[in-house]
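K.L.:
First the structure, which I've put down as structure tokens, then a few questions once you've had a look.
The values are calculated or read from the model by the stated rules, or taken from the named source; none is laboratory data. Everything numeric here is computed off the predicted structure, so don't read it as measured data. When we count neighbours, we look across all protein chains shown, and the Cβ atoms used for this are built from the backbone with ideal geometry, even at glycine.
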Amino acid sequence: MASTVGSTVEQTKNAETLQRARARAALIPDLLTESRYIANTAINGWHGRRKRGVGENFWQFRPYVDGETLAKIDWRRSARDDHIYVQDKEWEAAHTLWIWADNSPSMLYKSELADVSKQSRAMVLALALCELLARSGERVGWPGVSKAISHRNAAERIASELTHAELQESFPPTIGVKKYSELIMFSDFLDPVDETLEKIDAIAMRGVRGHFVQIIDPAEESFPYSGRTQFLDPESGERFIAGRAERLGERYRDVFEARKQTFAAHMNRLGWSYIVHHTDQPASTALVSLHLRLGDELFSKGGIR
């Protein structure tokens, strides 16, 4: 009997995961469109860095200049008209940035105080950042889904891969995320603090630099509940009924603030950035803030090779 019950629970969990994956896949085209709009509103001040240089990836054709080595000439392209063309390679100083958004069940939460779920906002911000970075000539990828690529349509390619990818929950896979690259994570980070910090430290020890964007529904922080209230854990399914929820408010808010302060202090020690974004705020505010962090920590220091 226990085996049968366990099998039924597992089947139910798998069915729920599949349902969430399909729902996310259906939303991605709209989220990509919204992310481009957000990216356009934040593009002012975001300076591209792409330029000609020594590298492996093709960038552009340009007319041959006297004195250049003949080995650079692209004879096939030159045969199309009366001009001689050479191939330029992409400048190798482009950064490699890995972008990831949490798809845990808790990310589906949306209170009456917010217009969108945490998952929707995280995906929009992640794809908008892909769009901005791709326009700047950076290499962007999604851990476990897409390799890091340097292409103007990188956001669209990654979105396409995400529609067919399995849900990634709690933390990004780091296989392929190499030393000196950047990892930007969008999540509510509601797992136990010690567990989360342990995973963060493991990534940092590999020489990866991180940016921690915590997505919070305003109700999760303000706790605007009173009277008899039932709370449901979306991860475990556990339920808790508070007879007078308002009595829990002050203690809850203190604990929640302490979590944020712990994260902020730990990220500061690691040299990582930490941004809190509430889903009742415009997405562009988080994107601009993240852009400033990336600009200060990456571009002004000469970047990552």
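Residue-wise test of (1) under 21 Å from residue 208 (Cα atoms); (2) touching a Leu at 6+ places or on another chain (Cβ under 6 Å).
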| position | (1), (2) |
| --- | --- |
| 131 | no, no |
| 140 | yes, yes |
| 148 | yes, no |
| 162 | no, no |
| 165 | no, no |
| 170 | yes, no |
| 174 | yes, no |
| 180 | yes, no |
| 192 | no, no |
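K.L.:
Within the range 187-197, track down each residue that is without any contact (Cβ under 8 Å) to a residue 40 or more places away in the chain and charged (D, E, K, R).
P.N.:
Scanning the range 187-197 gives 191, 194, 195.
K.L.:
Only one of 277, 266 is within 21 Å of the chain's Cα centre (by Cα) and more than 21 Å from residue 118 (Cβ to Cβ); which?
P.N.:
266
K.L.:
Please give the strands (runs of 3 or more DSSP E) falling wholly within the range 205-290 in which 2 or more residues are at negative phi, touching a helix residue (DSSP H, G or I) at 6+ places or on another chain (Cβ under 7 Å) and modelled with pLDDT of 90 or more.
P.N.:
Counting at least 2 such residues, we get 209-216, 273-278.
K.L.:
If you scan the range 44-81, which residues turn out to be farther than 19 Å from residue 140 by Cα and either at pLDDT 80 or above or of a type in the set (Phe, Trp, Tyr) (or both)?
P.N.:
61, 63, 64, 73, 74, 75, 76, 77, 78, 79, 80, 81
K.L.:
Quick check on my filter: what residues within the range 223-243 are surrounded by 12 or more Cβ atoms within 10 Å (Cβ to Cβ) and of a type in the set (S, T, N, Q)?
P.N.:
Within the range 223-243, 226, 229 qualify.
K.L.:
For residues in the range 187-204 being assigned to a loop (DSSP other than H, G, I, E, B) and more than 17 Å from the chain's Cα centre (by Cα), which is surrounded by the fewest Cβ atoms within 10 Å (Cβ to Cβ)?
P.N.:
192
K.L.:
Name the single residue, out of those in the range 107-141 being farther than 18 Å from residue 39 by Cα and either in contact with a Phe, Trp or Tyr (Cβ under 7 Å, 6 or more places away or on another chain) or hydroxyl-bearing (Ser, Thr, Tyr) (or both), that is surrounded by the fewest Cβ atoms within 10 Å (Cβ to Cβ).
P.N.:
Per the stated criteria, the residue is 111.
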